[in-house]
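The values are calculated or read from the model by the stated rules, or taken from the named source; none is laboratory data. It should be emphasised that the depicted structure is a prediction, and the values quoted were computed from it without experimental measurement. A quick note on method: Cβ atoms are made from the backbone with ideal geometry, for glycine too, and the neighbour counts reach across all protein chains shown. We work out accessible area using only protein heavy atoms, side chains counted, and drop any ligands, DNA or RNA first. Shrake-Rupley method; radii C 1.70, N 1.55, O 1.52, S 1.80 Å.
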Amino acid sequence: MLGWAIALHGGGGDIPIDLPDELRIPRETALRHCLDLGVSALKSGKHPLDVTELVVRELENHPYFNAGKGSVLTAQGTVEMEASIMDGKTKRCGAVSGLTTVVNPVSLARLVMEKTPHIYLAFDAAEAFARAHGVETAESTYFITPENIARLKQAKEFNRVQLDYTAPTPKEPEIRGDSQIGTVGCVAVDSAGNLAAATSTGGYVNKMAGRIGDSPLIGAGTYANHLCAVSATGKGEYIIRATMAREVAALMEYKGLSLSEAAAYAVEQSGPRGTCGLVAVSANGEVAMPYNTNGMFRACATEDGFTEVAIWPKN
Amino acid sequence: MVGWAIALHGGAGDIPIDLPDERRIPRETALRHCLDLGVSALKSGKHPLDVTELVVRELENHPDFNAGKGSVLTAQGTVEMEASIMDGKTKRCGAVSGLTTVVNPISVARLVMEKTPHIYLGFDGAEAFARAHGVETVESSHFITPENIARLKQAKEFNRVQLDYTAPTPKLPEVSGDSQIGTVGCVAVDSAGNLASATSTGGYVNKMVGRIGDTPVIGAGTYANHLCAVSATGKGEYIIRATVAREVAALMEYKGLSLTEAAAYAVEQSGPRGCCGLVAVSANGEVAMPYNTTGMFRACATEDGYTEIAIWPKN
């Protein structure tokens, strides 16, 4: 099966089946919209690097996903965004962390890849680099949504209760069923076998200022080589330990597993239930979207006409 | 062969064979000293996490290696240090970037692993965390050495010449023959098969402020699992793209290669000659120290009495 393929996610997590319509429908609509954008771009011959960047920009701009606008808040009530992008054929990559005013972190990651001799820039210097290149920036109020202010409050309250009652490791509370461990990402392959992956996030709600997760780490949250492109989502610490995105490619390359087998195995081995998910495409135009959480906001399409927009397992 | 083993490095690079005695001897002496410290610690039953941390602390304190005191300088003449540490059995890990006043970055990386729910802290957040835990800090003048001021000056001059003459990708000049792409690291295994890896660096001379290299990226500069522990050194961008440290383990696990084969292959595949080296130990007490640069400051010892301290290939 050769042809283009694209997959994208808006985060995996404990998304309950009874998610109210007013929360579910805008997200499904956004996923469908981003999928259509990505498919059009692929059909018009755009390189997967361009495709994944534009899809992730769209997801960053959408306030309901944990990236760009709508990023979860640090313990200090601020946003600290990070992203990375990787080109499969050349393995060139770019990553950024600690962004506070850049509207589209994934585009800054791409600029680092294309305009510097380095791969990864962070915090003040990344912000300065953004300004030096005229990248669009906004006041922090642009990124901060009422839902995330509420999430932070709830997380802090939860920690206080946790300290008082010494309960066993509790499940993080959900605000009306929304997943708190989101990230956004996109992977794509064109009919020439060019592969790319891009991931972006606001990180972990109530995280320590300066905490870096898996999204900007090449091999953990993002990876692409000549075989596949992968973007991960979930609890960053598990994904880093498991070098999850790289794992999919290593299993294909060194154990000869198919994309589906490698992707499923990587998720299974990365941590206990409820910790992670990923989207992946292969050079052959296949797609895989495994996750061990209750749900994962996801969408995919392949040249032969298959298309899917989903949140929970299909039964 | 099952027993303890330890290997450490002080950086791989273009270390010319005619390195003057006054530069070679202090480094060889330091490598021997650090090896002895590590071997004593292993013999006294210390866990490899403790062993690798103490050896890397010693290398950070030595002004002739590019980590801690003696770190190379950023384009702005400052130091920005990073480090990571990983435990093979549990895959717990810790990493820090952007440190400017912490005397021993590797110890802060370990604190992140042990005292926070996170893996990686960067820049202001990392410095604040260090202070909150009473970690030893000093004025940045402590870290800056005359050799590194000279290296930065030379690198900037070289860039100016480069712009004027549009030469093909040139080799960066060496100051008195010292490698500019150093890092320090240590890997160790005890007779119970516990593995650990630790790496620390000042980064790349004349790097953009805020540039993060391979050293704090789990899977790139540092990795340990139940099979092996790896610490890499060299040009960070190549090591990140190739996920070098993880590669060694993946080749052993999925392709059944021995430590020696896997380590050699990982270095060979990471990029052109002159880009990297690594030290690695296996759960079985084997050691490998491959590099594709002119030399690599290195030392190793195994329980059966083998010991080696070297800079260039043994011929």
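Suppose the filter is open to solvent by less than 10 Å² (accessible area, probe 1.4 Å) and hydrophobic (A, V, I, L, M, F, W, C); does A:Leu227 pass it? Spelling it out, it is not the case that A:Leu227 is open to solvent by less than 10 Å² (accessible area, probe 1.4 Å) and hydrophobic (A, V, I, L, M, F, W, C). The number of residues in region A:70-99 that are surrounded by fewer than 20 Cβ atoms within 10 Å (Cβ to Cβ) and either under 18 Å from A:Arg131 (Cβ atoms) or not small (Gly, Ala, Ser) (or both) comes to 6.
Scanning region A:98-126 for residues that are within 22 Å of B:Thr215 (Cβ to Cβ), of a type in the set (A, V, I, L, M, F, W, C) and in a strand (DSSP E or B) gives A:Leu99, A:Leu121, A:Ala122. Among residues of region B:187-210 being assigned to a loop (DSSP other than H, G, I, E, B) and within 14 Å of chain A (Cβ to nearest Cβ), the one that is surrounded by the most Cβ atoms within 10 Å (Cβ to Cβ) is B:Gly203. Consider region A:230-243 and keep the residues that are part of a helix (DSSP H, G or I) and not aromatic (Phe, Trp, Tyr). The one that is most open to solvent (accessible area, probe 1.4 Å) is A:Arg241.
When residues in region B:103-126 are screened for being within 13 Å of chain A (Cβ to nearest Cβ) and either under 12 Å from B:Glu136 (Cα atoms) or buried (at least 24 other Cβ atoms within 10 Å of the Cβ) (or both), 10 of them pass.
Looking only at region B:50-65, which residues are open to solvent by 10 Å² or more (accessible area, probe 1.4 Å) and either closer than 20 Å to B:Ala220 by Cα or part of a loop (DSSP other than H, G, I, E, B) (or both)? Walk me through it before giving the result.
As a first pass, look at region B:50-65 and keep what is open to solvent by 10 Å² or more (accessible area, probe 1.4 Å): B:50, B:53-54, B:57-58, B:61-64.
Of everything in region B:50-65, those that are open to solvent by 10 Å² or more (accessible area, probe 1.4 Å) and either closer than 20 Å to B:Ala220 by Cα or part of a loop (DSSP other than H, G, I, E, B) (or both) turn out to be B:Glu53, B:His62, B:Pro63, B:Asp64.
Give the residues of region A:262-290 that are within 18 Å of A:Ile311 (Cβ to Cβ), within 18 Å of the chain's Cα centre (by Cα) and not small (Gly, Ala, Ser), sorted by residue number. Can you show your working first?
Narrowing region A:262-290 to residues within 18 Å of A:Ile311 (Cβ to Cβ): A:267, A:273-279, A:287-290.
Filter once more, keeping what is within 18 Å of the chain's Cα centre (by Cα): A:267, A:274-279, A:287-290.
Matches in region A:262-290: A:Val267, A:Thr275, A:Cys276, A:Leu278, A:Val279, A:Val287, A:Met289, A:Pro290.
Residue-wise test of (1) part of a helix (DSSP H, G or I); (2) modelled with pLDDT under 95; (3) out of contact with any helix residue (DSSP H, G or I) (no Cβ under 8 Å at 6 or more places or on another chain); (4) surrounded by fewer than 24 Cβ atoms within 10 Å (Cβ to Cβ).
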site: B:Ala250; (1), (2), (3), (4): yes, no, no, no
site: B:Leu257; (1), (2), (3), (4): no, no, no, yes
site: B:Ala264; (1), (2), (3), (4): yes, no, yes, yes
site: B:Glu268; (1), (2), (3), (4): yes, no, yes, yes
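When B:Thr294 is tested against (1) open to solvent by 10 Å² or more (accessible area, probe 1.4 Å); (2) within 14 Å of chain A (Cβ to nearest Cβ); (3) more than 26 Å from B:Val39 (Cβ to Cβ), just one condition goes unmet, and that condition is (2). All of (1) away from chain B (no Cβ under 14 Å); (2) more than 26 Å from A:Arg24 (Cα to Cα); (3) in contact (Cβ under 8 Å) with a residue 60 or more places away in the chain; (4) open to solvent by 10 Å² or more (accessible area, probe 1.4 Å) hold for A:Ser44 with one exception: (3).
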